[in-house]
Amino acid sequence: MTEFDDPITLRIFRASNDQWSGRLLIGEEEIVLGVFKSPQAVEQCAKEIGLHPERVEVEAC
């Protein structure tokens, strides 16, 4: 079970067709985000759903 004080990590990675996707990791839980045009758009999506990651990891291009 996820605790409210678990740190949130956003992992951004390349999806197909030069697009980007992301995973929010909260404790042992994982939330997969959609496909976006840029890493910044993935991060914005996380913020818009109300989850503000303490750490953002972007896959090297």
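The values are calculated or read from the model by the stated rules, or taken from the named source; none is laboratory data. A quick note: this is a predicted structure, and the numbers were derived from the prediction, not measured. A quick note on method: Cβ atoms are made from the backbone with ideal geometry, for glycine too, and the neighbour counts reach across all protein chains shown.
Things worth noting here:
- Condition broken by Gly34, with the remaining ones in (1) out of contact with any Cys (no Cβ under 9 Å at 6 or more places or on another chain); (2) at pLDDT below 95; (3) part of a strand (DSSP E or B) satisfied: (1)
- If you go through the range 3-61 and keep only what is charged (D, E, K, R) and in contact (Cβ under 8 Å) with a residue 24 or more places away in the chain, you end up with Glu3, Arg11, Arg14, Glu28, Glu29, Glu43, Glu54, Arg55, Glu57, Glu59.
- Candidates in the range 23-36 are the residues that are in contact with a strand residue (DSSP E or B) (Cβ under 8 Å, 6 or more places away or on another chain) and not aliphatic (A, V, I, L, M); of these, the one that is surrounded by the most Cβ atoms within 10 Å (Cβ to Cβ) is Phe36.
- Residues of the range 37-61 that are assigned to a loop (DSSP other than H, G, I, E, B) and either crowded, with 17+ Cβ neighbours inside 10 Å or of a type in the set (S, T, N, Q) (or both): Ser38, Pro53.
- Residues that are part of a strand (DSSP E or B) and either of a type in the set (A, V, I, L, M) or crowded, with 16+ Cβ neighbours inside 10 Å (or both) within the range 10-22 comprise Leu10, Arg11, Ile12, Trp20, Ser21, Gly22, listed in sequence order.
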